[in-house]
1. Classify the stretch 250-400 from the C-alpha gyration tensor, please: rounded if a/c falls under 1.5, else prolate or oblate depending on whether a/b exceeds b/c.
2. List 290, 437 from most exposed to least, where exposure is judged by having the fewest other Cβ atoms within 10 Å.
3. Quick check: from the Cα gyration tensor, does the stretch 22-79 come out rounded (a/c under 1.5), prolate or oblate?
4. Between residue 452 and residue 72, 0.36 nm times their residue separation minus their Cα-Cα distance comes to what?
5. Which distance in Å, rounded to a whole number, links the C-alpha centroids of the stretch 80-97 and the stretch 243-318?
6. Given points 7 Å out from each Cα along the Cα-Cβ axis, report the residue 54 to residue 460 separation in nanometres with one decimal.
7. Given H placed on each backbone N at 1.01 Å, which residues far from residue 323 in sequence or on other chains put an amide H within less than 5 Å of it?
8. When you count, for each residue, the other Cβ atoms within 10 Å and take the mean per peptide, how do 479-486, 319-326 rank with the highest first?
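Bear in mind these aren't lab numbers, they're just calculated from the coordinates by the rules spelled out. Keep in mind it's a predicted model, so treat the numbers as computed, not measured. All Cβ positions, glycine included, derive from the backbone under ideal geometry; neighbour counts span all protein chains shown.
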Amino acid sequence: MSREAEGLPRRYSKLEEALEIKSLRRIISAYINYSDAAEEDVRRYERSFRKLSREHKGLLSHLLQKFQRLRRCIAANSFFIMNMLQAFDPPFDMSQDIHLDGHGGTERLPNGHLCTQASHYTQDCSSYLKQPVLKRPEFSSCGGGCLQTPSKINNEKEISSESSCTLIMNVSTPDCNAKLVDESKDDAKFICKLDSPPRDSTPNGNITSVPNNWMETSLRSSVPLVDVDKVRCIIRNIVRDWAMEGQKERDQCYKPILEELNRLFPVRRKERPPSCLVPGAGLGRLALEISCLGFVSQGNEFSYYMMICSSFILNQTQAANQWTIFPWIHSNCNSLSDDDQCRPVSFPDIQPASAGITEGFSMCGGDFIEVYNDIDQEASWDAVATCFFLDTAHNIVEYIEVISKILKDGGVWINLGPLLYHFADAYGPEEEMSIEISLEDVKKVALQYGFEFEMEKSIETTYTANPRSMMQNHYYTAFWTMKKKPRK
Ligand SMILES: C[S@@+](CC[C@H](N)C(=O)[O-])C[C@H]1O[C@@H](n2cnc3c(N)ncnc32)[C@H](O)[C@@H]1O
């Protein structure tokens with residue numbers, strides 16, 4: 001009998017594991033080096049300032065103070081990042097030596113996906129694991145299982161042996177939050193309060209040494225700019241999902257989806273709640289809101305950048321507005337004032353554990369197609385909600401096919417987003433598949449997969465926009481609800 005059939009996780013090949021570790025190290029490294037990269041920007045501003053004539057310097061002498069202010073903001077952002085990393089429990093032994101003879105030059109992941117740098121908003125291509133790996137008790141002890149169909153969710157199980165899913169985080173219910181904040185417990189050592197700086201960091205957040213062994217092995221002196229940018233994207237996503245400042249954007253993007261779910265499932269019984277999957281869940285707020293509405297909600301996300309951050313916010317938050325970051329410091333462009341650029345943003349605006357989630361809320365790491373194109377997933381969801389997700393596909397037809405497959409007959413697919421195909425301009429060394437079709441064609445494909453329109457309109461919205469910037473990108477997104485027609 002195979003290991004999977006016996007209920008044991010699939011074994012990795014040495015190469016798969018090495019590639020996973022390499023990829024994860026790169027992401028950790030980008031996070032760790034965040035402050036160095038940001039400091040380098042400030043030094044660049046200073047070099048430019050020094051090139052000014054004496055007269056011009058006199059006119060702009062306040063900039064010297066601004067540069068120091070930027071440094072304090074960077075330190076505060078870094079303080080949050082290091083706390084977040086300390087709470088992360090890597091699914092592999094990250095301290096091991098890895099050898100990638102002949103495989104070290106690419107970013108190709110074990111499943112054959114090529115990690116590209118295409119990035120229109122915050123798309124990250126990061127590694128994921130193909131077997132269920134779950135070590136942290138706090139992720140599993142208080143919630144449901146994962147990647148079984150909701151009706152099969154088993155509260156006792158830490159790991160679903162049936163799944164091809166990776167990092168599964170069942171979000172703590174309020175009951176288990178008490179355990180999380182009890183610092184006398186062993187596992188509380190990862191919990192960092194604002195008033196207790198992480199080990200090896202100074203009170204202003206400057207990191208004096210690298211705290212964990214596995215972090216040390218990830219540390220690199222130079223990080224590609226594209227990785228640095230991904231960390232900055234995550235910071236902007238924190239505002240979108242978890243700050244008061246992001247409320248307007250959430251009202252534009254998430255509220256219409258929540259209202260649709262509310263309209264289409266007016267009766268949500270506690271004993272048998274309807275289920276909803278959120279592919280490409282980002283930092284998890286929409287999935288959480290859907291859970292609070294009375295659904296068994298599961299977010300799916302394949303980026304470790306996102307998963308590390310959402311796990312920290314969802315599982316480790318002790319109080320609303322526990323953290324303060326300075327999300328807008330990385331661009332000097334289109335600022336109305338220095339105060340605007342350097343304004344603090346607190347988050348999370350709510351404490352997730354006390355938000356009123358429905359039992360069974362989980363985040364599931366892995367590629368949407370890999371995880372859900374599985375016989376166990378067929379006809380198992382009452383609803384699928386995609387927000388700014390469809391255009392992340394290499395092949396959007398495959399996304400639609402899988403969404404149709406996993407929905408029950410009569411199930412609903414709610415979508416909101418543009419068609420800014422993420423791989424459209426991915427001019428990497430290897431050509432990426434990218435199917436870029438019009439909205440009209442997307443809808444035709446959906447009809448072919450057994451969907452019929454319930455509702456359709458366009459919604460104007462921003463995505464991770466700085467609300468006080470002089471430049472605002474607006475999308476006129478497609479918003480629809482489609483129903484999967486019962487098969488005859
Ligand atoms: C543009 S972001 C949208 C995030 C979130 N839905 C929101 O509205 O803020 C797209 C997300 O989908 C994730 N993603 C892209 N391709 C994916 C895939 N194949 N499987 C799972 N997640 C994916 C990205 O990592 C990213 O977090």
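1. Details: a/c = 1.98, a/b = 1.49, b/c = 1.33.
Prolate is the answer for the stretch 250-400, as a/c is 1.5 or above and a/b outweighs b/c.
2. Working: 290 30, 437 14.
Going from sparsest to densest Cβ surroundings: 437, 290.
3. Details: a/c = 7.44, a/b = 2.52, b/c = 2.95.
It is oblate, given that a/c is not under 1.5 and a/b is not larger than b/c.
4. Numbers: separation 380, 0.36 × 380 = 136.80 nm, distance 5.36 nm.
Contour length minus the Cα-Cα distance gives 131.4 nm.
5. 25
6. 5.2
7. 347
8. Numbers: 479-486: 19.5, 319-326: 18.0.
Order by mean packing, descending: 479-486, 319-326.
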